[in-house]
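Scroll down for the structure; my scribbles are underneath it.
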Amino acid sequence: MIPRSLSTRPYPDTTSQSLERGWRFGWVDALVIVGVLALLRTVVVLGGDMRAQFDALHPPPLALDVALIPYYTARTVLRMFIAFGAALAFTFVWGYVAAHNRRARIVMLPLLDILQSVPVLGFLSVTVTGFIALFPGTLLGVECAAIFAIFTAQAWNMTFGFYHSLVTIPPELEEAASVYRLGRLQRFTKLELPASAISLIWNSMMSFGGGWFFVAQSEAISVLNKDIKLPGLGSYMAAAVEQGDTRAAVAAIVAMIVTIVVIDQLVWRPLVAWAEKFKLEQTGAGAAPTSWMLTLLRQSFLLQWLSDHVAQPLTRWSRHAGVMLGDAGERFTRTAPTAVRRSLRGAGWLILAVGVGWLALDAVGIGREIRTRLSAQEMLHIVGLGFLTLGRVALMTVLATAIWTPLGLAIGSRPRLARIAQPLAQIAASFPVNMTFPFIVGFFVAARIPIDWGSILLMALGTQWYILFNVIAGAMAIPSDLREAARVFRLSRWAAWKKLYIPALFPFWLTGAVTAAGGAWNASIVAEVAQWGDRKLVADGLGAYIAQVTTRGDQPAIWFSIAVMALFVVVLNRVVWRRLYDLAERRFRLD
Amino acid sequence: MNETSPIDARPAAREPLIELRHVSKSWPTPDGASRVTILDDVDLDVRDGEMLALLGQSGCGKSTILRLMAGLAEPTQGAVLRGGEPLAGVNPDLAIVFQSFALYPWLTVEENVRVGLIQRRLDAAAEAREIERALTVIGLTGYENAYPKQLSGGMRQRVGFARALVARPRILCMDEAFSALDVLTAENLRNEVVELWRNSEDAGIRSIFFVTHNIDEAVFMASRIVIISSHPGRIRHVIDNPLPYPRDVNAPGYAALVAQIRAAITSLALPDEPAAARAERVVLPLDSAALEPGSASDAVVPTTRATRTRVESIPAVPVNTIVGLLEILEDSRETIDVFELSDRIGKEFGETIGVVKAAEMLGLVDTPKDDVHMTEVGWYFLAAPLPVRKALFKHAILKLRLFQMLSAELDAAPDERLDADAVVAELATLLPYDQPTKLFDTLVTWGRYAEILDYDEATRTITRQHPAAEDEDDDT
């Protein structure tokens, strides 16, 4: 028998209809409960382990037992999620304030741009010593430094994405919110958060993928000539390589791939599929992304019950509270004496000024130290190294473009192939390829390839995928009538490239190339120095220089070389990428 | 201002809910160098119990007036009064139904309607009651759990109405609420809104203020109609509409009122004696050889500062549209008025006027009263091959002050190059009521067609188009 409500519904089924199913508690609910409990228990145990005692002179050894891999993986994953949570919180605060406060924006956006250009890996030594001082005697300091490194790899582009979606919300949706006098909280939950959900989720996915590289790197660090290894998959891999245990190394790589795929399936795919409803277009066309996990969760009676009986009353309560708070806030701004308001605002500026002043003093101190300890010749040398690394990054970008653009176009032109290849390319981009560097370096040694050239390949391994999957996306977006027109007018292959493919792919390639080049700068710190057994290969380049001074703990040199690299990145962004973006915007927009 | 048909004796006694007093509004231009005036000295009030229509062409600042009333924008000069007091912040008396619906696509119908309730802070049961009532009144029951993207345009706009109703506004505002809907759906909704307002006990809507470009819509619905002109927006006529509800389109008074409003609008947009244009009406050149591209017709150009009296703006109309208009006129045997014309070409009235005005400025048509007919030049233009058309077009636009000035500046400029930004800035000061960038684009389009100027987007420079043969090579 069909329930009446089903047969009379005048519109297609929607997700919130699950209440109308006849049955109740089922196996999905059991799975949900077990899953949640297991997750909680794991987090508690691992969190306890984080505070393990640590003697700086005798770092704990890492066991290479393959059976320990799940434990190490869990530690690494936990680190990733803590960092991601912090990055998310940062995104909300920074993006929200930048979007709403015009004066703050003037400072916040350029600052974000600079932060984005700073090579995170170079900072590890500085942050590690800082955090160890903060938590003496436990591994927590090192743990925090690793989490901080991952955070810095994740936060910036999420923040930019969030800010951008906030300021591009269609004006009439904003007006509707104003006319119906939604308070700040409701405006956030009803309008701003949903409108930015898709961008937030995609950027999170990309950031999380990028984070693996840094987690692998930051778990095993040598600072002040000491090797510190946090228990985790990255340090396990490092230990395996040190001890020449190929079996353990391969197991670690497999574990890494499985972890990336599982998190993709259990976290990101469901989120992407769920976020479909936040699309701003009012038409429901095109193939929506699907997720078996989401389908499963939607069958859970327990979750539905929680949503109806806990979440909804909570939102109503918070809504009323929000209205009251909003009213109170408005009354305050209307009625509070100017003196109070002025002093409040003054206090805000004072805090800001103290913060900025403190940072400035710090910078002056560092600057003075750099001037006294680094000779002008050394500084010039560092800048020269910067140009060498720039050459590598440029060559890598050109080579990856030459190889992957035709391939990406070929894949993107075949929709069925593209649907398989694109997620694969994304997973490849997530894989922390620095885990495999030692093997490749071994090959370099055997084949007598100098690291000065080989490091280009090492950089490319991690970053070329961004070009590939963006080009695939671009190829999929070429309207079929443009392709057909090229066929009808019998354009030669070269003419078709010149007239159609290059202009159409350009904006997509650009997005990929910017990400790839930015990643390559960071990667140079790990790619220009390589170790294979006892042999240490060092290329001439800024990345290698930073890596070496970091190991030595030479603070002024660290600060200066990092500043030089950041400067290179910022200038390149301004001079090259920004202009290319303008060009893409002006000439090659497909609409 | 002319007040007509003083049938309704009550309005004067009724309390104004919101008033605009000597309100002007201007925006800075995108480059920030100057300002475009949108509204100029507007006086307007919405009175309790009335259904007021604000009628004008698109781009005349109607929506800005609505946003000023809602407190979404602030006047550059003048005051917005609510109950006699200056309005501070968002006006709590208003609810708006938007042209684009402005529904939140991630919320269901019911949740979208609930947005209108947030400010009222009701308990769960009262909320449910209110929503149920609004959905019943507006005919949306059964759709509570649908998402907007699953609904047709008409149903989406019903959600917009339901959201406005639950807010219990003292004034329900509609911003071109029907113009994104198809004709049948719009007709149906208009009827329902009139019924809502007439049965204000049920729906709780006593006063309605709506903004429209549609004359029929205003006459069919409104109890008072305010006509606003564009560039800049100024209130020109206030007309009471005493026709009894429910209104019958075939009632004798109805057609008369429509005709009266049409005449008022046409005389605003196409004055019978356009001072500058008429004086220099293009005369058909007897020697058509003179019209060959690149020939002596350049000789007409030179103007002295003495002849530069008033600069007239040009409507943003593509050349092809003007040619299309001539072709339609060629097909219609007898003279046709602007309203028939806008029916025939399927454009809204305001747009049609723009096209006719452009053609008139070029001397291709003439518009005695509301009628449009082709001039001799128009006929000649239509019959001519493309090069002659272009020459005629060139001849005509070089009679326009804007092109004369541009041409003179090009001559004076070193290596005959003009910076686009400088030209835009100059346009902004010359014609403060126009969007300078839009005007610039039209100048370039017309100039390109006439082959008198070219524009390089990469360097943002205007140059002369040299009548060399290279252009024709490109075309083949």
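The values are calculated or read from the model by the stated rules, or taken from the named source; none is laboratory data. Fair warning: this is a prediction, and the values are worked out from it, not measured in the lab. Glycine also receives a Cβ, built like all others from the backbone with ideal geometry; neighbour counts cover every protein chain displayed. These accessible areas exclude ligands, DNA and RNA; they are computed on the full protein's heavy atoms, side chains included. Shrake-Rupley method; radii C 1.70, N 1.55, O 1.52, S 1.80 Å.
Quick notes
- With a Förster radius of 41 Å applied to the beta-carbon distance between B:Ala255 and B:Arg35, the computed FRET efficiency rounds to 0.45.
- Shielded residues, segment B:150-171 - accessible-area loss of 20 Å² or more between chain alone and all protein chains, probe 1.4 Å: B:Gln150, B:Arg156, B:Arg163
- Judged by the mean number of other Cβ atoms found within 10 Å, the most tightly packed of the peptides B:63-71, B:79-87 leads the ranking B:63-71, B:79-87.
- Contact order relative to length of segment A:31-279, as percent, for alpha carbon pairs under 8 angstrom and 6 or more apart: 27 percent
- Shielding by partners - mean other protein chain Cβ count within 10 Å, residues of B:117-127: 4
- Computed Kirkwood radius, in angstrom, where 1/r is averaged over Cα pairs of chain A: 26.9 Å
- Cα gyration tensor shape of segment A:341-429, rounded if a/c is under 1.5, else prolate or oblate by comparing a/b with b/c: oblate
- Expressed in Å, the radius of gyration and Dmax of the Cα atoms of chain B are 25.7, 84.
- Ranked order, A:Tyr72, B:Tyr449, A:Tyr581 - accessible area, probe 1.4 Å, largest first: A:Tyr581, B:Tyr449, A:Tyr72
- Normalising the average separation of contacting C-alpha pairs (under 8 angstrom, six or more residues apart) by the number of residues puts the relative contact order of chain B at 16 percent.
- At least 10 Å² of accessible area lost relative to the chain alone, listed for segment B:61-77 with a 1.4 Å probe: B:Arg67, B:Leu72
- With Cα atoms, 0 to 90° folded angle of helix B:420-430 axis to chain B main axis: 70 degrees
- Label positions at A:Arg102 and A:Val254, each projected 7 Å from the Cα along the C-beta direction, are separated by 6.1 nm.
- Each label point was placed 7 Å from the Cα along the Cα-to-Cβ direction; for B:Asp343 and B:His466 their separation is 5.3 nm.
- Among the residues of B:93-104, the average count of other protein chain beta-carbon atoms within 10 Å of the residue beta-carbon is 4.
- Solvent-accessible surface (1.4 angstrom probe) belonging to B:Ser58, in square angstrom, nearest 10: 70 Å²
- Average silhouette area of the protein assembly as shown, convex hull of alpha-carbon atoms, in square nanometres: 53.1 nm²
- Computed accessible area, A:Glu484, all protein chains, 1.4 angstrom probe, square angstrom: 100 Å²
- Rounded to the nearest 10 square angstrom, B:Glu330 shows an accessible area of 90 square angstrom against a 1.4 Å probe.
- The distance between label points at B:Trp27 and B:Thr321 comes to 1.8 nm (points 7 Å beyond Cα on the Cα→Cβ vector).
- Among the protein heavy atoms of chain A, carbon and sulfur supply 67% of the accessible surface, probe 1.4 Å, non-protein parts ignored.
- Förster radius 30 Å - calculated FRET efficiency between A:Val538 and A:Arg574 (Cβ-Cβ, nearest 0.05): 0.45
- Highest average first, the peptides B:251-259, B:161-169, A:118-126 ordered by how many other beta carbon atoms sit within 10 Å of their residues are B:161-169, A:118-126, B:251-259.
- Contact surface B-A: accessible area buried, both sides summed, square angstrom, 1.4 angstrom probe: 3600 Å²
- Order by protection proxy (mean Cβ within 10 Å, highest first), peptides A:245-256, A:546-557: A:546-557, A:245-256
- Accessible surface of chain B, 1.4 Å probe, proportion on carbon and sulfur as whole %: 51 percent
- Computed over chain A, relative contact order equals 18 percent, with contacts defined as Cα pairs under 8 Å that lie 6+ residues apart.
- Heavy-atom surface of the protein assembly as shown, accessible at 1.4 Å and reported per residue (Å²): 48 Å²
- With R₀ fixed at 51 Å, the C-beta to C-beta distance from A:Val354 to B:Glu201 puts the FRET efficiency at about 0.25.
- Considering only B:Gly78, A:Ala517, B:Asn214, the residue lying farthest towards the positive end of the dipole of the protein assembly as shown is A:Ala517, judged by Cα position with unit charges set on Cβ.
- Threshold 50 Å², segment A:176-192 residues less accessible with all protein chains present than alone (1.4 Å probe): A:Val179, A:Tyr180, A:Arg181, A:Lys190
- In a reduced charge model with +1 at each Lys and Arg Cβ and -1 at each Asp and Glu Cβ, segment B:389-455 shows a dipole moment near 500 debye about its Cα centre.
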